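Read the structure below first, then the notes.
Laboratory data are not the source of any read-out in this text; all were calculated from the coordinates shown. None of these values were measured; they are calculated from a predicted model. As a convention, Cβ positions derive from the backbone with ideal geometry for all residues, glycine included, and neighbour counts pool all protein chains shown.
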Amino acid sequence: MGLYERRICPHVTELALRGGWAHKLRRQLLAPVAGRVLEIGFGTGLNLQHYTDAVTELAILDPGEGMHRLARERIAASPLAIEAHRLGAESLPFPDARFDAVVCTFTLCTVADPSAVARELHRVLVPSGSLHLVEHVGSSSPRLRRWQDRLNPVQKLVACGCNLNREVEPLLEAAGFGSLALERLSEPRMPPLLRELVRGTAHKGAA
């Protein structure tokens, strides 16, 4: 892990994703989350303030040294009992049916093996569990999608592995999520190539 990934990229990510629009999305997404919760891609901890006292346990994962360093103060100030892991999500250190809910915000765009991550999230949820997510995805505009495809190699370099053109719904369906309640949004305060978002829930049980 180089100096850029340890020292610079975490600060850039924090600045890009802490604005009022992202704050509102996080608050709405996390309001119904309760019980035993896993958050992958914890990053700098921007979700932490939005968890309610309905959360009884919180496990967090992020492999990034720089992200973890910026999150320490937020973790220390949280009233929640937090179990922290410096790991990726392709192979989770938890038994089957461990969590009532999983949270994933602006993370599936970056993981090395998104299919493996989706399968693991499905595995660790209880049968009635749900995945709560916000992700930027490939554009529905053919012109913008072509530019996303062209510029994706550059994006991955400057944004520490983040992909411009990744899709969420097929990953979740292939992993076994039986009910998707997702909506597409366009966020005008984001750059055009990162503007299209998917927000909502995916349930482990069949529709």
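Kindly indicate the residue of the stretch 17-26 that is farther than 11 Å from PHE106 by Cα and part of a helix (DSSP H, G or I) and also farthest from the chain's Cα centre (by Cα) among those meeting that condition.
Residue satisfying both the conditions and the ranking: GLY20.
Which residue out of THR56, THR52, THR105 is under 24 Å from HIS23 (Cα atoms) and either touching a residue at least 60 places away in the same chain (Cβ under 8 Å) or under 12 Å from the mean Cα position of the chain (by Cα) (or both)?
THR105
Select from the stretch 123-139 the residues that are among the hydroxyl-bearing types (Ser, Thr, Tyr) and over 15 Å from MET190 (Cβ atoms) and list them in ascending order.
SER128, SER130
Out of ALA34, ALA77, report the one residue that is more than 25 Å from THR201 (Cβ to Cβ), surrounded by fewer than 20 Cβ atoms within 10 Å (Cβ to Cβ) and either in contact (Cβ under 8 Å) with a residue 40 or more places away in the chain or small (Gly, Ala, Ser) (or both).
Answer to the check: ALA77.
State yes or no: is SER130 in contact (Cβ under 8 Å) with a residue 60 or more places away in the chain, surrounded by 17 or more Cβ atoms within 10 Å (Cβ to Cβ), polar (S, T, N, Q) and not in a helix (DSSP H, G or I)?
Answer is yes for this residue.
For the stretch 80-89, what are the residues that are surrounded by fewer than 17 Cβ atoms within 10 Å (Cβ to Cβ), in contact with a helix residue (DSSP H, G or I) (Cβ under 7 Å, 6 or more places away or on another chain) and either assigned to a loop (DSSP other than H, G, I, E, B) or of a type outside the set (A, V, I, L, M) (or both)?
ARG86
Residue by residue through the stretch 37-49, note down the ones that are buried (at least 21 other Cβ atoms within 10 Å of the Cβ) and either more than 15 Å from the chain's Cα centre (by Cα) or closer than 21 Å to ARG123 by Cβ (or both).
Those that are buried (at least 21 other Cβ atoms within 10 Å of the Cβ) and either more than 15 Å from the chain's Cα centre (by Cα) or closer than 21 Å to ARG123 by Cβ (or both): VAL37, LEU38, GLU39, ILE40, GLY41, PHE42.
Filtering the stretch 112-123 down to residues that are surrounded by fewer than 22 Cβ atoms within 10 Å (Cβ to Cβ) and of a type outside the set (S, T, N, Q), which residue is nearest to CYS9 (Cα to Cα)?
Of everything passing the filter in the stretch 112-123, ALA112 is nearest to CYS9 (Cα to Cα).
Which numbered condition trips up MET67, out of (1) touching a Pro at 6+ places or on another chain (Cβ under 8 Å); (2) crowded, with 22+ Cβ neighbours inside 10 Å; (3) in contact (Cβ under 8 Å) with a residue 60 or more places away in the chain?
In the conditions (1) touching a Pro at 6+ places or on another chain (Cβ under 8 Å); (2) crowded, with 22+ Cβ neighbours inside 10 Å; (3) in contact (Cβ under 8 Å) with a residue 60 or more places away in the chain, MET67 misses (3) alone.
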